[in-house]
Amino acid sequence: MSDQIETTEITPTEPAEYVSSCDTIEYGFDEESWLEGYDMYYKLYRRKRTICFVVLFLVLAALFVQQVVLDPTYGVGWTCLAICLAIALVYALAPAYEKRNVKRALPAIENDRHVLKIYPEKITVRTILPEDDAQYLEPDESGNLMPYPEIPETVIDLTDKTLKTAETDKMFAVYTKYTQSIIPKADLSEEELERLKQCVIRRA
């Protein structure tokens with residue numbers, strides 16, 4: 001990835017003095033921005049854990065290699081060696097597999113719109129589905145097409161100790177350990193982007 005990536009860890013105790021009540025920003029979907037945001041979420045919250053598990057099971061595999069070298073007839077050692085290598089391989093390949101599945105699912109949300117609201121201590125994101133798209137309708141008991149229920153609103157707590165942001169040339173993202181909001185810069189004016197940054201990034 002050629003874009004310069006900036007990440008910021010938030011100090012959650014700082015008051016959001018730049019937002020007095022509620023500010024609203026509407027944006028759409030951009031696949032490249034979303035995938036960049038997904039990559040950053042993985043790097044910020046999951047990569048370290050994945051590396052630890054891979055190293056752990058490779059170390060265990062090395063111990064069993066030592067045992068089977070000393071005693072090639074040690075069947076349990078061979079079995080445990082195979083299990084450790086398999087688990088290490090699964091952890092190592094899981095990120096690429098997950099990203100491939102995410103990329104396959106993205107076309108289903110390419111027409112969605114999102115309304116982000118900035119409050120002093122939280123950010124909410126509401127998804128607006130395209131009403132004229134049949135793939136978002138399901139028949140009721142009488143066979144009439146009915147819209148799907150609204151997607152639950154995403155709430156990002158700005159006081160969360162795991163709060164972080166990431167920024168590239170294409171997107172600005174706000175994360176906690178269990179939530180994320182990835183916003184394409186193409187849909188934001190410079191003023192909107194600055195207001196969003198002021199809300200979540202620690203200021204001097």
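Tabulated data
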| read-out | value |
| --- | --- |
| Order by protection proxy (mean Cβ within 10 Å, highest first), peptides 93-101, 24-32 | 24-32, 93-101 |
| Cβ-Cβ FRET estimate between Trp78 and Glu110, R0 fixed at 45 Å, reported to 0.05 | 0.40 |
| Share of Cα-Cα pairs in the range 57-106 lying beyond 17 Å, as whole percent | 47 percent |
| Sorted peptide list for 176-189, 59-72, criterion being average Cβ within 10 angstrom, highest first | 176-189, 59-72 |
| Accessible area expressed per residue, the range 38-120, with surrounding protein chains retained (probe 1.4 Å, Å²) | 65 Å² |
| Burial order of peptide ranges 73-81, 167-175 (average beta-carbon count within 10 Å, highest first) | 167-175, 73-81 |
| Carbon/sulfur fraction of accessible area - the range 72-112, other protein chains in place, 1.4 Å, % | 71 percent |
| Among the listed pairs Lys103/Lys197; Lys103/Lys161; Lys48/Lys161; Lys43/Lys117; Lys48/Lys170, those beyond 23 Å (Cα-Cα) | Lys103/Lys197; Lys103/Lys161; Lys43/Lys117; Lys48/Lys170 |
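The values are calculated or read from the model by the stated rules, or taken from the named source; none is laboratory data. Predicted model only: the values in this text are computed from it and were never measured. All Cβ positions, glycine included, derive from the backbone under ideal geometry; neighbour counts span all protein chains shown. When the accessible area is computed, the model is the full protein with side chains, heavy atoms only, and any ligands, DNA or RNA have been set aside. Shrake-Rupley method; radii C 1.70, N 1.55, O 1.52, S 1.80 Å.
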